[in-house]
Each structure stands twice: as C-alpha cells, then as structure tokens.
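The values are calculated or read from the model by the stated rules, or taken from the named source; none is laboratory data. These numbers were taken from a predicted model, which means no experiment stands behind them. Note: ideal-geometry Cβ built from the backbone for every residue, glycine included; neighbour counts use all protein chains shown. Please note that ligands, DNA and RNA were not included when accessible areas were found on the heavy atoms of the full protein model with its side chains. Shrake-Rupley method; radii C 1.70, N 1.55, O 1.52, S 1.80 Å.
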Amino acid sequence: MRPHGTPGTTEPTISERTDTANPTDDVIDAPPATTMPADFGPRTADADGGTSAPGPLPAYLGDEPQADPADGGPGPATGRPDRPLARPARAIWRRVRRVPTVVLVITALHLALLATYSVAYPTWTGYDEAQHVDMVYGLLHGDGWPAPGNKMISKGVAATSDAFDRGAYADMFQSGGKKRGSPSFAEITPTPRDQRGSFDALGGPGPVTDGRLSNQMVQHPPMVYALGAAVLGALPASNWAYDQQVYVLRLLNILLVAPLPLLAWATARRLRLSEAVARGAAVLPLAVPGFDRVGATFNNDGVLILTTGVLTFVLAGVLRGDRRMRTAVWAGVWLALTFLSKGLALLLPLMVVAAYLVGWWHSRPRPATDVPATDAQATAVPAARGGRARALVGSLPWGPTIVALAVGLGLGGWWWVRNYVLYGAVQPNGWDADPPRRESLLLPDSFWTWLWYFIRTMISRFWGGLGMFEPPQLTPVAIVAATVIVGVVAVACLVSGLGQVSRRTWLDRLARAAIPVVLLLPVAFAYVTVAQRSWAEYELYTRGIAVQGRYLYLGLVGAGVVIAAGLARLLGRRDRWTPVVMLVGALLMQAFALLAICSYYWLGRGVRFTPARVPDVVAAIARWAPFPSGVTFAILAVTVTFALVSLAYVGRSALRERPSAPTTPPAVAGGRQMPQPATGVTGPRPEPAPLTA
C-alpha cells in the first residue's frame with residue numbers, strides 16, 4: 001500500500017485535507033508539509049472549476065478526527081481512509097470531535113461568563129435593550145416593520161423599562177448618580193418574582209401616547225427580531241413574566257455569540273497557524289468584558305458578530321488561494337447575512353475583494369527568474385511584456401470574486417436598496433427627527449477636541465463599556481495596559497506577517513503582511529464608520545455622540561488570530577505558552593470588570609467590596625434575576641469552576657507541547673540563503689510522514 005497523498009494517488013478535496021493539531025500526531029490523507037510550495041501556491045484546478053492548493057490545508061473541523069495528546073483529545077478515526085462520507089449527523093459529530101478538548105473547555109468558559117453577565121445585568125440594562133425587545137414584541141403581534149418615526153414603544157414594554165430610561169433608576173444607571181446619593185440595585189427592593197406580570201398584562205402591544213421619541217430600531221434590518229419573534233412564538237411564553245421573556249431573548253443572543261472561540265480557533269487553523277496560536281485566538285473573546293455584556297443581553301450586535309466571524313473563517317481559505325466556486329458562494333451567503341444584520345456591514349464587500357486579491361497574489365504563476373535568458377529571448381522581452389501584463393490581469397480571480405459579491409449583494413443588499421427607494425437614505429434616521437442630546441458639550445469647538453475624545457472613549461468603551469454610559473468602568477490601569485499590550489503584539493504580527501514567502505522581494509513581504517491586514521479590516525471599517533458619524537454629529541451638536549466601542553466587536557475573530565500570532569512571534573521558542581498568557585490576561589480583565597460591576601450595582605452606597613461581601617452581592621443579584629435564586633448561585637459557581645478548569649487544561653497542553661525549533665534557511669549556490677516554509681509560531685510545524693493504508 002502507498003501512503004495517502006503520495007504521487008500516484010488522487011489528490012484529496014479541500015474538505016478532506018487535514019493538518020495535525022500537534023506535531024506528534026499522525027496524519028491521515030495529508031501529504032507532508034514539505035510537499036507544499038512556499039507562499040501557498042501554485043494552484044491546481046479542481047472538480048468545481050476553481051483552484052486549490054496542492055498541499056495540506058489547515059485543521060478546521062476536518063472530516064477525520066485527529067489525536068491530540070496535549071489535551072487528551074480523540075484519536076484518529078479507524079476504518080478505510082477512502083471511506084465514503086457518512087450521514088450528515090455523523091459527519092457533524094466527527095467534525096466536533098476534531099476540535100481539541102482544550103478549545104471546547106475555553107468555549108464552555110466563554111458560555112459561563114456570558115451566563116454570569118446575563119444575571120449581573122438586570123433586565124433592561126443592555127444597550128437599548130427595551131427598544132430591541134419592543135421590535136420583537138411588535139412582530140409577535142403583527143405590527144410589521146413601520147417607517148421611521150412611526151414605531152412607538154409598546155405599553156407592555158414601557159411599563160417596566162421606563163424606570164431605567166427615565167424613572168427611578170435612570171440617574172444611577174445612566175448618569176453615575178450613585179456618587180450623588182442615588183441608591184444602587186442592591187438597595188432597591190425589586191418586584192417579587194411571583195408578582196411580575198407578562199407584557200400583555202402590563203399593557204400589551206398598544207403604543208404609548210406621551211409624546212416621547214419613537215423606537216429608532218426600525219432603521220436596522222429585521223432579521224434578528226424576526227428570529228426572536230419566532231422563538232417566543234414557538235414557546236408558551238405569552239403569559240410568562242416580562243423578565244423571563246426577555247431572558248429567552250438573551251439566551252438567543254448568547255447562543256449566537258457562543259461559537260466565537262471555535263470560529264477564532266478554526267480560522268487560525270485554516271490559515272495553517274500553529275495549534276498554540278489557534279488556542280490563543282480562541283481566548284481573545286474572553287478578554288473583552290464589554291463584549292460579554294453585549295453578548296449576554298438582547299440586541300442586534302450578536303448576529304452581526306457571528307455572521308462576520310463566519311465570513312472571516314470562510315475568507316481565511318480564500319487568503320490561502322481557495323478560488324473554488326462553492327467557497328465563493330459560501331462567502332456570498334455569509335456576506336448577505338451580515339448585510340441583513342446591521343449597517344456596519346456595508347463596507348465588508350471590500351474585505352471580500354481584498355481577500356481574493358491577497359490569495360491570488362500568493363498563488364499567482366511565478367516566472368522563472370534564475371534561468372539566464374538567451375540573446376533571442378532578451379530581444380523578445382519588450383514585445384512579451386504586454387502579453388505578460390494581459391496574462392497577469394487575466395489570472396486575477398474575477399470569477400469567484402464576482403460570484404461572492406453577486407450572491408452577497410443579491411441576497412442581502414436588497415434591504416438597503418429598499419431603504420433608499422422608500423426613504424432616500426441607505427440607513428435613514430430611525431427617529432425621523434433630531435432628538436434632544438444628553439451628552440455633555442465638548443469644548444473648545446475644534447477637530448482636535450473631538451479627535452482626542454473619540455480615541456480615548458473608543459478605547460475605554462471597547463474594553464469596558466460596562467455602564468450606560470459610565471460608571472461602572474474598568475480601572476484606567478487595566479485599560480491602558482491592555483491597549484498597549486494589544487497594540488504591541490498586533491504591530492509584531494503586522495511587521496512579521498502571516499504565511500510563507502518564497503522570494504524576498506518587497507512585494508512578497510507586503511503580501512505576507514497583507515494577510516493580518518485583511519483579518520483586521522472589519523475592525524478598521526467599523527472604526528472609520530463610527531468616526532465619520534461621530535464627527536458629523538459633533539459638527540451639529542458639539543457633543544460626542546454614538547461613540548461606542550462595542551461596534552468594533554464584529555471583528556473579534558480576525559483580531560484574535562492577529563493578536564495571538566503576534567504574541568507567539570514575540571514569545572519565540574516559547575510560543576506554546578501563548579494561550580496560557582492570553583487566558584491569564586483574560587481572567588484578570590474579567591476579574592477587574594466584575595469587581596467594578598458588583599461594586600457599583602450590587603453594593604450599597606459607601607460600602608467597599610471585600611471577599612466577605614461576596615454572599616451579599618450574590619444574594620442581591622439573585623433577587624433581581626428572573627428565575628429562582630438557586631439558578632443564579634449555580635451559574636456563578638459553574639463560572640468559577642470553568643475558570644479553574646480552563647487554566648488547568650491550557651497549562652497542561654502548553655507543558656506537553658514541544659518547544660518550537662528555530663529554523664535556518666539552507667545555503668545554496670553563491671552563499672545565498674533561501675527561505676523555507678514557516679514553522680512553529682505562524683506556520684505549521686513539520687509533520688510526520690503520512691500513515692500507510
């Protein structure tokens with residue numbers, strides 16, 4: 001029997017190629033990494049009419065589960081390697097088994113943290129949560145999707161949410177009023193759990209008539225609200241207490257953002273980065289407390305974060321040169337879903353184009369430059385330049401790029417065209433009016449005043465964003481330290497780049513750095529979009545408006561890969577400790593955030609937090625929760641347990657993994673050294689010979 005993947009065998013399809021999760025693992029149906037030319041290419045045609053790499057693609061939920069001695073993962077599948085694909089359910093289970101146990105533990109900790117934030121923040125304390133829930137409640141009762149200015153909040157929702165927006169809790173919740181004497185949630189006795197009425201009992205879907213502003217959420221696409229209405233409609237929830245119905249919607253949002261660590265890990269592995277880098281990428285979503293607050297409450301950010309994360313995962317294959325049409329279709333489908341999530345996705349088609357260009361550059365045909373030309377060839381060079389230029393343009397990935405954009409714009413762009421046709425704007429003003437502003441004036445009136453406010457507020461609210469607006473907030477030391485560290489490791493990744501370079505020209509170096517740039521494009525696009533709107537509002541009102549760091553969370557998957565790769569690069573041969581360092585930092589950030597939340601919301605005025613106050617804090621949280629106190633106690637206990645288990649698993653996997661060996665390019669004729677495929681930090685480690693059948 002020949003080893004699978006050796007010459008003479010049929011090349012596996014992209015879904016059959018696998019890469020090992022650990023350098024000591026065996027490989028099934030994958031040729032050695034040394035058979036893969038540097039720089040991801042050249043490409044070969046496949047049955048779908050596109051092109052694919054001849055070498056092994058990354059381990060991302062592959063068809064064959066691999067052994068992972070570092071964390072006790074499942075062993076390789078038994079049976080014939082050429083066995084036909086199993087039933088869909090079995091195939092999905094095999095893909096789940098492909099994920100290392102340590103990544104599943106990190107994901108479980110992520111879910112536990114989301115559950116903790118879902119009870120640490122009482123009902124209606126999410127960003128515009130009342131307005132988001134009201135859109136679901138309206139769809140559930142047949143209100144449709146009114147025009148801007150025509151959707152008034154329902155009486156059933158306003159009956160309880162007004163206390164947070166304009167009533168008894170507004171000063172403490174929105175304006176930092178606790179330091180002025182306003183009582184915290186711990187000092188307020190909530191309505192007894194058995195006396196909390198349903199939305200129907202509290203007033204029903206009828207609109208309020210007190211002249212307030214309309215519900216501005218009509219400016220967004222209705223996808224997540226329709227999904228929420230379908231979930232509530234499928235449950236016998238009409239008579240449930242209002243906070244229980246809201247918690248069902250919170251659980252929906254938690255489920256939407258739950259796969260983020262898995263997506264970050266899979267994206268890194270699809271880029272053929274080391275397992276240590278992939279695990280570090282999975283940890284990043286846990287390091288941003290503001291993201292947990294957004295993910296644990298109901299809004300339309302969660303669905304945008306998920307769809308952008310999956311799109312990033314698909315485009316990771318494109319960055320490696322995957323130009324198959326079915327990949328282009330999937331990229332278009334997920335691009336369409338981002339369009340139907342929120343307006344922040346409107347610049348993402350540029351990311352799709354950039355990914356195809358970078359992948360094409362890595363896999364483009366390379367002329368032989370080391371062979372000396374004859375006299376006849378030298379005289380024919382000027383005439384051939386035009387032909388080479390035409391061939392280069394013709395080799396651009398026109399087909400898959402156009403397909404991806406056509407599918408995305410066709411399935412998702414219609415909503416924004418509809419807005420422009422009906423209201424004269426791609427994203428109209430949801431209030432259809434200029435509302436009064438409660439943000440403070442920013443003086444003196446100048447661009448530099450706005451710019452300094454915008455930069456520092458975006459940084460602060462990206463990491464924290466714990467209050468509405470502040471406090472509570474993370475300590476400035478934690479914010480500055482996290483920002484500096486992330487900035488340094490991101491620059492390290494941008495300078496060193498990702499992937500392999502077969503030649504040392506400046507264009508190839510630039511292309512290598514372009515991969516992390518593409519991964520960071522969702523964050524960059526969101527930052528520019530928010531800045532443009534904030535500056536326009538500042539020119540009108542001289543106030544800092546719509547400056548929310550949460551808008552950057554759509555790019556957490558790509559950012560996680562870049563930050564983990566940069567940290568691994570800085571750690572060098574100790575790169576196996578990347579997930580450990582990131583997990584310790586994440587838990588420290590969470591500890592600082594929960595300390596700030598509990599001190600402000602769940603302790604009385606003038607009371608400082610000490611370990612002896614933990615029972616008081618937990619009891620206060622349980623009084624406001626929508627379910628019996630025992631459930632709250634269990635959630636908090638499980639979160640602490642998973643934090644300890646995650647540290648143990650990640651630490652054990654780092655201890656069992658081999659240190660990265662430095663690689664020295666071999667010398668060739670003339671003393672010149674040729675680069676080799678990257679290993680260890682940002683490339684696959686050397687793989688053993690494939691198994692024989």
**Item:** Matching entry among V614, V581, V607 (being in contact with a Lys or Arg (Cβ under 9 Å, 6 or more places away or on another chain) and either of a type outside the set (D, E) or without any contact (Cβ under 8 Å) to a residue 24 or more places away in the chain (or both))
**Value:** V607
**Prompt:** Looking only at residues in the stretch 577-592 that are within 16 Å of V105 (Cβ to Cβ) and among the aliphatic types (A, V, I, L, M), which one is most open to solvent (accessible area, probe 1.4 Å)?
**Reply:** V584
**Item:** Failed condition for A546, given (1) part of a helix (DSSP H, G or I); (2) open to solvent by less than 40 Å² (accessible area, probe 1.4 Å); (3) in contact with a helix residue (DSSP H, G or I) (Cβ under 6 Å, 6 or more places away or on another chain)
**Value:** (1)
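Considering only residues that are open to solvent by 20 Å² or more (accessible area, probe 1.4 Å) and in contact with a helix residue (DSSP H, G or I) (Cβ under 7 Å, 6 or more places away or on another chain), look in the stretch 608-623 and name the one that is modelled with the highest pLDDT. Show your work before the answer.
Residues of the stretch 608-623 open to solvent by 20 Å² or more (accessible area, probe 1.4 Å): 608-616, 618-619, 623.
Those still in the list that are in contact with a helix residue (DSSP H, G or I) (Cβ under 7 Å, 6 or more places away or on another chain) too: 609, 618.
On the way: F609: 93, V618: 96.
Looking at residues that are open to solvent by 20 Å² or more (accessible area, probe 1.4 Å) and in contact with a helix residue (DSSP H, G or I) (Cβ under 7 Å, 6 or more places away or on another chain), I get V618.
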**Asked** Within the stretch 328-360, how many residues turn out to be of a type outside the set (A, V, I, L, M) and open to solvent by less than 10 Å² (accessible area, probe 1.4 Å)?
**Response** 6
**Asked** Tally time: how many residues in the stretch 116-143 are open to solvent by 10 Å² or more (accessible area, probe 1.4 Å), under 28 Å from E187 (Cα atoms) and among the acidic types (D, E)?
**Response** 1
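Restricting to the stretch 146-173, what's the tally of residues that are in a loop (DSSP other than H, G, I, E, B) and among the basic types (K, R)? Don't jump to the end; show me each part of the working.
In the first step, residues of the stretch 146-173 are kept if they are in a loop (DSSP other than H, G, I, E, B); the result is 146-153, 166-169.
After this cut, where a residue has to be among the basic types (K, R) as well, the list is 151, 166.
Within the stretch 146-173, residues that are in a loop (DSSP other than H, G, I, E, B) and among the basic types (K, R) number 2.
Considering only the stretch 279-317, state which residues are among the polar types (S, T, N, Q) and either part of a helix (DSSP H, G or I) or within 18 Å of L520 (Cα to Cα) (or both).
Keep residues of the stretch 279-317 that are among the polar types (S, T, N, Q), which gives 297, 299-300, 307-308, 312.
Those that are among the polar types (S, T, N, Q) and either part of a helix (DSSP H, G or I) or within 18 Å of L520 (Cα to Cα) (or both): T307, T308, T312.
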**Item:** Failed condition for V562, given (1) part of a helix (DSSP H, G or I); (2) out of contact with any Pro (no Cβ under 8 Å at 6 or more places or on another chain); (3) surrounded by 16 or more Cβ atoms within 10 Å (Cβ to Cβ); (4) aliphatic (A, V, I, L, M)
**Value:** (2)
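Quick check, is A531 in a helix (DSSP H, G or I), without any contact (Cβ under 8 Å) to a residue 40 or more places away in the chain and open to solvent by less than 40 Å² (accessible area, probe 1.4 Å)?
Values: in a helix (DSSP H, G or I): yes; without any contact (Cβ under 8 Å) to a residue 40 or more places away in the chain: no; open to solvent by less than 40 Å² (accessible area, probe 1.4 Å): yes.
Judged against the criteria, A531 is not a match.
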**Fill in**
If we keep only residues of the stretch 261-273 that are in contact with a Gly (Cβ under 6 Å, 6 or more places away or on another chain) and either of a type outside the set (G, A, S) or at pLDDT below 95 (or both), then the residue nearest to F291 (Cα to Cα) is L263
**T267, sole failed condition from (1) hydroxyl-bearing (S, T, Y); (2) assigned to a helix (DSSP H, G or I); (3) open to solvent by 10 Å² or more (accessible area, probe 1.4 Å)** = (3)
